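Report on the structure given below.
The values are calculated or read from the model by the stated rules, or taken from the named source; none is laboratory data. Everything numeric in this text was worked out from a predicted model, so none of it was measured. Positions of Cβ are backbone-derived with ideal geometry, glycine not excepted, and every protein chain shown enters the neighbour counts. With ligands, DNA and RNA removed, areas are computed over all heavy atoms of the protein, side chains included. Shrake-Rupley method; radii C 1.70, N 1.55, O 1.52, S 1.80 Å.
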Amino acid sequence: MTDRCAVGIHGVTKRFGDVAAVDAIDLEIADGEFFSLLGPSGCGKTTTLRMIAGLEFPTEGSIKIFGEEMALRPPNKRPVNTVFQSYALFPHMTVEQNVAFGLEMQDVPKAEARMRAGDAIDMVRLGAMTKRKPSQLSGGQQQRVALARALVNRPKVLLLDEPLGALDLKLRQAMQIELKDIQQQVGITFVFVTHDQEEALTMSDRIGVMSEGKLLQVAPAEDIYERPANRFVAEFIGETNFIPGTVVERDRVRLGNGQVVTARAEQPAGTAVTLTLRPEKLHLHEKVDEAPADYNNITCRIVRRLYFGDSRYYELEAGLGAIVDCRVENIPRLRTWSVDDEVVLSFHRQAAEALSE
Amino acid sequence: MTLLEEHPPVEAANPELEAQSVKAAARRGLLHALPAYVYLVFFFALPLVIVFVFSFASRSTTGRPVLGGWNLDSYARLVEPVIRTIAARSLWLALLNTVICLLIGYPFAYWIATRSKSSNRNLLLVLVLIPFWSNFLVRTYAWRVLLDSNGPVTGLGEATGLWGQMLFTQPAVFIGLLYGYLPFMVLPLYAAIERLDWSLVEGARDLYATGWEAFRKVTLPLSKPGVIAGSILVFIPSLGAYVTPDILGGAKTTLLGNYIVTQFTSGRNWPFGAALSFVILAAMLIATIFYFRSGGKTL
């Protein structure tokens, strides 16, 4: 990955009537990066993508692609291509004609267009389907045609709008890996829009989390999960517990039951914070002395037990102002508990991130 | 468990039962279609047979059709120059009307179909349909007033020096046909354009197509069923038009429809009128089938 900026979005706002679908966002995506825009439906991620594609024009702000201003340029004059959520394959054209469409529009000589289209179709392993119409293909095959149709133009940036949304789980997982491989193979910047956090985490170099038109956090996948910037990001990505508390001093937080625990807290003393604790980072022990020495220990009572096959969830009550969920891997001979058992909940300082209110 | 086991095993397939259900479905289908069948037999097939039979009949000295003395004389007369002139004129007017209706109707239907509010779309469609609320004959007579030598259209033509008296000329017939059949072009076009998947147009634009190229390569081919349906709905009645040329046209604008009517009335030549009707019907049927086929291939 180089440091060249593939897509530069500065102060971009898009209003539909009175509603700001995208609200003053700034974002820079590096050349060769696999960048995901993640958020719930209606958060503005698709609108952002469409503005990069030229299918919407921003109300305010600047959109640059490799340094060139594009904000108001029509889509056919931008060096980007899109894989649409619905694939948008032309139903009256064959696979080959679909893939060659962009080349034909750019007046690429016929022979070269045929060759490049053929290569692109081979890349997505549809060599046997060139003469078929889209309606004769499965969902996964249509998806690959859409990908080939976009990539054949060698765009500087490839935009993908929830391209895997219509596929079933197994196929989606296979396509995630395939997409990532293709991206590394062609080295093109990918901007990927999804509401599926798992998909974003597995595929992306960096993720931008959006909500209500605003970009809440832009960071590598691991940072998004381990160090969420705020409550929304922590809650949207994965599962977590929120426990209210007050900062006593740096990295020390007093909880609702009066106990002071160590956490990652950089707020000044006296600040009301919310600790986010991921269920899988919590451990249960029978007695305090069983837990590692530098862990925080809180005595709790089990109020509910849920069996998930690969794991068990325990809901814990400890007078913290919130029920705490704890996930325990289903490993043979590991101790299990029942409702009303008294247990010691322990977690490391690194597992608790203090978020400002 | 024991209860379940006591049931007789379910047979994999019961051919007799299956055949019965297929028959029952066919019976129900026939029952649904029965009124339409009866209608078609009595008001289409039977009259057609009568026309067909009369086309081989002969005439008495006074011109009465005589069912007997069967001959092909009426068919032989179809190649007479007067028929060729009238057929060519009708064909030309019907084709011109279809093309102009398409050129006016497509942008209009496109415009209606792309209004974002459905209430606006419905309002515009109602406006297209409003003329149907009054009788076609009355509306055609209204055109007579408009096109008359004292009428506004003639006035405008004389003021600009572009045209003179229009009534009883071919342009008047054409205006009447265009006016009468434009809605039949707009409605099927609207239906076809309205259900277009606009993400396909966005896809084309994203793939470097200009607005015009996206229209030519995507919108137009995908709205072809509407173009075909609209063209047939305009072309066929235009070719057989009777009321419009009769009221707005003159002696030099006789079309096939008028000519056939004349054969059955003042011409007193039923066999010839019947033969002409039948040949036109057959030609139209064949042309329509070809037209549909040519559209079907690309869809």
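In table form, for the structure just shown:
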read-out: Criterion (of a type outside the set (Lys, Arg), away from chain A (no Cβ under 14 Å) and crowded, with 18+ Cβ neighbours inside 10 Å) met by exactly one of B:LEU147, B:LEU156, B:LEU162; value: B:LEU147
read-out: Matching residues, the range A:265-281, being charged (D, E, K, R) and out of contact with any Lys or Arg (no Cβ under 9 Å at 6 or more places or on another chain); value: none
read-out: Strands (runs of 3 or more DSSP E) lying entirely in the range A:218-331 (those with 2 or more residues that are acidic (Asp, Glu)); value: A:311-317, A:324-329
read-out: Breaking point among (1) touching a residue at least 60 places away in the same chain (Cβ under 8 Å); (2) within 24 Å of B:GLY240 (Cβ to Cβ), for B:ALA142; value: (1)
read-out: So B:LEU95, is it in contact with a helix residue (DSSP H, G or I) (Cβ under 9 Å, 6 or more places away or on another chain), in the same structural domain as B:GLY257 (by TED's automatic domain parsing) and open to solvent by 80 Å² or more (accessible area, probe 1.4 Å); value: yes
read-out: Failed condition for A:VAL218, given (1) of a type in the set (Val, Ile, Thr); (2) in contact with a helix residue (DSSP H, G or I) (Cβ under 8 Å, 6 or more places away or on another chain); (3) open to solvent by 10 Å² or more (accessible area, probe 1.4 Å); value: (2)
read-out: Qualifying position, being small (Gly, Ala, Ser) and within 17 Å of the chain's Cα centre (by Cα), among B:GLY203, B:GLY176, B:GLY211, B:GLY249; value: B:GLY176
read-out: Positions within the range A:189-215 being open to solvent by 20 Å² or more (accessible area, probe 1.4 Å), touching a strand residue (DSSP E or B) at 6+ places or on another chain (Cβ under 9 Å) and on the phi < 0 side of the Ramachandran plot, in sequence order; value: A:HIS195, A:ASP196, A:GLN197, A:LEU201, A:ASP205, A:ARG206, A:LYS214, A:LEU215
read-out: Verdict on B:SER223 being buried (at least 21 other Cβ atoms within 10 Å of the Cβ) and of a type in the set (S, T, N, Q); value: yes
read-out: So B:THR262, is it in contact (Cβ under 8 Å) with a residue 40 or more places away in the chain and either crowded, with 17+ Cβ neighbours inside 10 Å or out of contact with any Lys or Arg (no Cβ under 7 Å at 6 or more places or on another chain) (or both); value: no
read-out: A:TYR313 vs. criteria over 23 Å from A:VAL233 (Cβ atoms) and either outside the structural domain of A:ASP223 (by TED's automatic domain parsing) or open to solvent by less than 50 Å² (accessible area, probe 1.4 Å) (or both); value: no
read-out: Which listed residue, of A:CYS326, A:CYS300, is under 22 Å from A:GLY238 (Cβ atoms), surrounded by 12 or more Cβ atoms within 10 Å (Cβ to Cβ), touching a residue at least 24 places away in the same chain (Cβ under 8 Å) and in contact with a Pro (Cβ under 7 Å, 6 or more places away or on another chain); value: A:CYS326
read-out: Pick from the range A:97-132, criterion in contact with a Leu (Cβ under 8 Å, 6 or more places away or on another chain) and open to solvent by 30 Å² or more (accessible area, probe 1.4 Å), ranking: nearest to B:TRP198 (Cα to Cα); value: A:MET129
read-out: Residues (surrounded by 15 or more Cβ atoms within 10 Å (Cβ to Cβ), out of contact with any Pro (no Cβ under 9 Å at 6 or more places or on another chain) and touching a residue at least 60 places away in the same chain (Cβ under 8 Å)) located in the range A:1-23; value: A:CYS5, A:ALA6, A:VAL7, A:ALA20, A:ALA21, A:ASP23
read-out: Residue, nearest to the other protein chains (Cβ to nearest Cβ), within the range B:213-261, restricted to residues that are aromatic (Phe, Trp, Tyr) and closer than 18 Å to B:ALA87 by Cα; value: B:PHE235
read-out: Those residues of the range B:165-210 which are open to solvent by 10 Å² or more (accessible area, probe 1.4 Å), small (Gly, Ala, Ser) and within 14 Å of chain A (Cβ to nearest Cβ), in sequence order; value: B:SER199
read-out: Residues of the range A:133-189 satisfying the condition of being hydrophobic (A, V, I, L, M, F, W, C) and within 14 Å of chain B (Cβ to nearest Cβ); value: A:VAL145, A:ALA146, A:LEU147, A:ALA148, A:ALA150, A:LEU151, A:VAL152, A:VAL157, A:LEU158, A:LEU159, A:LEU160, A:ALA166
read-out: Any chance A:GLN259 is within 26 Å of A:GLY8 (Cα to Cα) and open to solvent by 10 Å² or more (accessible area, probe 1.4 Å); value: no
read-out: Residue count for the range A:293-335, restricted to those that are over 29 Å from the mean Cα position of the chain (by Cα), of a type in the set (D, E, K, R) and more than 29 Å from A:GLY258 (Cβ to Cβ); value: 1
read-out: Lone qualifier among B:ALA214, B:ALA275 - being under 30 Å from B:VAL66 (Cβ atoms), in the same structural domain as B:ILE83 (by TED's automatic domain parsing), in contact with a Lys or Arg (Cβ under 9 Å, 6 or more places away or on another chain) and among the aliphatic types (A, V, I, L, M); value: B:ALA275
read-out: Filter result for A:ALA322 (of a type in the set (A, V, I, L, M), closer than 16 Å to A:PHE347 by Cβ and out of contact with any strand residue (DSSP E or B) (no Cβ under 7 Å at 6 or more places or on another chain)); value: no
read-out: Residues of the range A:64-96 that turn out to be more than 10 Å from chain B (Cβ to nearest Cβ), buried (at least 16 other Cβ atoms within 10 Å of the Cβ) and not charged (D, E, K, R), as a count; value: 5
read-out: Subset tally (residues that are under 18 Å from A:THR82 (Cβ atoms) and assigned to a loop (DSSP other than H, G, I, E, B)) for the range A:100-120; value: 1
read-out: Qualifying residues in the range B:58-73 (those that are closer than 19 Å to B:VAL279 by Cβ, of a type outside the set (S, T, N, Q) and assigned to a loop (DSSP other than H, G, I, E, B)) - the one least open to solvent (accessible area, probe 1.4 Å); value: B:LEU72
read-out: Residue within the range B:277-284 that is of a type in the set (Val, Ile, Thr), surrounded by 20 or more Cβ atoms within 10 Å (Cβ to Cβ), at pLDDT 90 or above and closer than 27 Å to B:THR62 by Cα present; value: no
